[in-house]
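*Asks:* Handing you this structure, nothing more for now.
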Amino acid sequence: MSIVKLEQIGFKYNEHQVLKNVSFEVKKGEFMGILGPNGSGKTTLLNVIDGILMPQEGEIWINGTSCNKLKRENLAKIIAVVPQESLMIFPFTVQEIVLMGRAPHLGKWRFEGETDFNIAHQAMEMTDTISLMNRSMNALSAGERQRVLIARALAQQPQIMLLDEPTAFLDIRHQIDFFDLIKALNKNQTLTVIGVTHDINLASLYCDRIILLRDGHIHCMGSPEEVIAESHIREVYETNVAVDKNPVTGQPRVTLLSSHPSEGGSRSNSGAAPQL
Amino acid sequence: MLKYFFIPIFIFSSFFVFATTRNVNNKVVTLSRVIRVSLFLFAVFIIISLISLLVGPSHLGMIYLLKGLLSGIYSGDLSLIATEKTILFSIRLPRIIFAGIVGASLSAAGVVFQGLFRNPLADPYILGISGGAAVGAIIGIIAGASVIPFGIPGLAVSGALLTIALVYGIARTKKELHSTTLLLAGVIVNAFFSAVIMFLISTTSSKELRSVIFWIMGDLSLAEWSEVILTGFFLMIGFIVMYVYSRHLNLIVSGEETAMQLGVNVEQTKKILLLAASLVTGVAVSVSGTIGFVGLIIPHMMRMLLGSDHRLLLPASALFGGSFLIVADTLARTVTAPAELPVGVITAMCGAPYFIYLLRRRAV
């Protein structure tokens, strides 16, 4: 059975149609990537799934229950979100942030108990943030902060984890570290992952399936091999690219090409560039 | 005489030495920690109240008073003469408790406003909320709303709520709430309300209306038991509501979207918290005028000492805010004795430099 199911979702933002007729299903334990240019509706789609935005058309089913019938705190027990960046105005410690992930499981003002501390500690161990536990969130580096946010999401004990361009501010090493960690959780804990990213190559490396969005509708959907093809990328991003195989993994690999031939240097020599 | 009002200052500074030397930030907030800190700050509150009770322009020998009080506890009958009893229990005691309640109200409201607006510089006075409450109260007095039960505090609370809507409306552009714009909106709204207060007081001759100084600087000198009961009652209600939502406030502080993703009904929580904070602010302002900066200094100090968790921050700020305003008021009534200063003069003299310090340190 699919854990997330979207049925003909349409979303308008002040008369501006952001999503139209979006339907797809995600199976339990799947790693789904959402790609698309700026303004194609990726983040809106994610916000519709986690219930922050209410779509005007269509219906979303989580675990077979209609999203409209789920209360906020019940939804938060199933879906956790790792945001892009989270800067605190007030100085919370790492442990306090991770414990916040227990919120949906606590009542309105109950204090965290033994179990909650244990779960938070486990989450910090899994994400290698236990040594940072007493540091202020704002004193950490971007990579460390991102790991803390994963720990918070894990403390929610979700079945589904949504990623909203989580690696946008990270260098390549931290990007790989981040996705390796998520992939491990995805494999070992059968955590379902739905992630929005700008990085087509990262999506190609880690995702089981990819949705390519264009102007709020699904342009194509399928395995990385099916979706990451020169024709699709060129159509959706309106940019010239070359797609070949990653020499190590065999996954499709995208190479960006400049539209100014004079800056394209080696391109004219290689002859590999597709002619427009 | 002078030595007496140095005692509260001494207690304050020793408290800070104590608090800063403990590495309190490393601990997670648990119920037992909340109780321990609250009990400690309550003890500070009691000690400061007792000392303030013994300090004042009328020369009542401190040792003599203590003896009188102690023997009174043993024998059940205070061996004090009538004037001393009157001074202690009808003048000083209600005023001290009143100062404590007003200080606690403004600090608790300050904590909530700072959290909801996600701005460490927010304070009921700076944002113009106290000013709005004062205008509401003055209009109520002129219109004769005092015949309705809770008429004047009710109008003050409405004034506070309308001001929040106004300031929020000015500062909010699209989806974002800019810190600087919020403060500027507060400044402008404040200037406008000061003018309205001046206008209303100059053009009406209502005998019940207190002076412009009372409304603009705040004054606790007219405290009576009835006002203590009124403010105390509403502080209790407001505080309980705020405390129930204090953990949700932690989540809202980390971002409204994040709070929603963690299962908080953000819109509802915000409304309830704004209502509770406006309630305690409005009621306090309607009987004490607009005392500034308490809601800025105290929450900020407590946050530095105890961390950002509102389950601890809220009770600690309320208790310490109460102690702070008692000390400020004791200074206000003794520094220029037999003349009195409005207590707002003292809080502004402490608060304005502190505000500037925060502004500079934040490097906006």
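The values are calculated or read from the model by the stated rules, or taken from the named source; none is laboratory data. Owing to the predicted nature of the structure, the values given are computational and were not obtained by experimental measurement. FYI the Cβ positions are ideal-geometry reconstructions off the backbone, even for glycines, and counts take in every protein chain you see.
*Asks:* Filter region A:122-144 down to residues that are in a helix (DSSP H, G or I), touching a residue at least 40 places away in the same chain (Cβ under 8 Å) and more than 13 Å from chain B (Cβ to nearest Cβ) and give me whichever is farthest from residue B:257 (Cα to Cα).
*Replies:* Restricting attention to region A:122-144, the residues satisfying the condition of being in a helix (DSSP H, G or I) are A:122-126, A:130-132, A:137-139, A:142-144.
If we keep only those that are touching a residue at least 40 places away in the same chain (Cβ under 8 Å) too, we end up with A:126, A:137-138, A:142.
Right, trim to more than 13 Å from chain B (Cβ to nearest Cβ) and you get A:126, A:142.
Details: A:126: 25, A:142: 20 Å.
Here the answer is A:126.
*Asks:* Moving to a separate point now. From the list A:130, A:119, which one is in contact with a His (Cβ under 9 Å, 6 or more places away or on another chain) and surrounded by fewer than 18 Cβ atoms within 10 Å (Cβ to Cβ)?
*Replies:* A:130
Every residue, every condition in (1) in contact (Cβ under 8 Å) with a residue 24 or more places away in the chain; (2) crowded, with 21+ Cβ neighbours inside 10 Å, yes or no:
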site: B:136; (1), (2): yes, yes
site: B:147; (1), (2): no, no
site: B:173; (1), (2): no, no
site: B:180; (1), (2): yes, no
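*Asks:* In the set B:231, B:204, B:281, which member is more than 14 Å from chain A (Cβ to nearest Cβ), at pLDDT below 85 and under 22 Å from residue B:138 (Cβ atoms)?
*Replies:* B:204
For every residue, the table says whether it meets (1) within 21 Å of residue B:108 (Cα to Cα); (2) of a type in the set (A, V, I, L, M, F, W, C).
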position	(1), (2)
B:128	yes, no
B:134	yes, yes
B:141	no, yes
B:165	yes, yes
B:182	yes, yes
B:192	no, yes
B:198	no, yes
B:204	no, no
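*Asks:* Here is a list: B:280, B:264, B:244. Which entry is of a type in the set (Val, Ile, Thr), crowded, with 22+ Cβ neighbours inside 10 Å, under 30 Å from residue A:112 (Cβ atoms) and without any contact (Cβ under 8 Å) to a residue 60 or more places away in the chain?
*Replies:* B:264
*Asks:* Scanning for something in a strand (DSSP E or B), in contact with a helix residue (DSSP H, G or I) (Cβ under 7 Å, 6 or more places away or on another chain) and modelled with pLDDT of 90 or more, does region A:10-17 turn up at least one residue?
*Replies:* Checked against the condition, which is being in a strand (DSSP E or B), in contact with a helix residue (DSSP H, G or I) (Cβ under 7 Å, 6 or more places away or on another chain) and modelled with pLDDT of 90 or more, region A:10-17 yields at least one hit.
*Asks:* Would you say residue A:202 is at negative phi and modelled with pLDDT under 90?
*Replies:* no
*Asks:* I've got another one for you. Give the residue, chosen from B:261, B:268, that is closer than 17 Å to residue A:108 by Cα, touching a strand residue (DSSP E or B) at 6+ places or on another chain (Cβ under 8 Å) and either within 11 Å of chain A (Cβ to nearest Cβ) or not small (Gly, Ala, Ser) (or both).
*Replies:* On the way: B:268 fails: touching a strand residue (DSSP E or B) at 6+ places or on another chain (Cβ under 8 Å).
It is B:261.
*Asks:* Take the conditions of a type in the set (A, V, I, L, M, F, W, C), closer than 22 Å to residue B:178 by Cα and modelled with pLDDT of 90 or more and apply them to residue B:252. Does it pass?
*Replies:* Spelling it out, residue B:252 is indeed of a type in the set (A, V, I, L, M, F, W, C), closer than 22 Å to residue B:178 by Cα and modelled with pLDDT of 90 or more.
*Asks:* What number goes with the only condition from (1) within 11 Å of another protein chain (Cβ to nearest Cβ); (2) of a type outside the set (Asp, Glu); (3) under 26 Å from residue B:54 (Cβ atoms) that residue B:312 does not pass?
*Replies:* Of (1) within 11 Å of another protein chain (Cβ to nearest Cβ); (2) of a type outside the set (Asp, Glu); (3) under 26 Å from residue B:54 (Cβ atoms), only one is false for residue B:312: (3).
*Asks:* Among the residues of region A:34-62, which ones are part of a loop (DSSP other than H, G, I, E, B), crowded, with 20+ Cβ neighbours inside 10 Å and not hydroxyl-bearing (Ser, Thr, Tyr)?
*Replies:* A:36, A:41, A:50, A:51, A:55, listed by residue number.
*Asks:* So which strands (runs of 3 or more DSSP E) are wholly in region A:145-250 and hold at least 1 residues that are free of Cβ contacts under 8 Å to residues at least 40 places away in the same chain and not β-branched (Val, Ile, Thr)?
*Replies:* A:217-222, A:241-245
*Asks:* Just need a number here: residues in region A:75-103 that are modelled with pLDDT of 85 or more and touching a strand residue (DSSP E or B) at 6+ places or on another chain (Cβ under 9 Å).
*Replies:* So the answer is 11.
*Asks:* Also: Based on this model, can you work out whether residue B:121 counts as within 30 Å of residue B:44 (Cα to Cα), surrounded by fewer than 24 Cβ atoms within 10 Å (Cβ to Cβ) and within 14 Å of another protein chain (Cβ to nearest Cβ)? Lay out the reasoning, then the answer.
*Replies:* Details: within 30 Å of residue B:44 (Cα to Cα): yes; surrounded by fewer than 24 Cβ atoms within 10 Å (Cβ to Cβ): yes; within 14 Å of another protein chain (Cβ to nearest Cβ): yes.
Yes.
*Asks:* Just to verify a result, which residue in region A:63-97, among those that are within 9 Å of chain B (Cβ to nearest Cβ) and acidic (Asp, Glu), is surrounded by the fewest Cβ atoms within 10 Å (Cβ to Cβ)?
*Replies:* A:73
*Asks:* Pairs needed: first member in region A:98-113, facing another protein chain (nearest Cβ under 7 Å) and surrounded by fewer than 19 Cβ atoms within 10 Å (Cβ to Cβ); second member anywhere, modelled with pLDDT of 90 or more and in a loop (DSSP other than H, G, I, E, B); C-beta distance under 8 Å; at least 6 residues apart or different chains.
*Replies:* A:108/B:245; A:109/B:245
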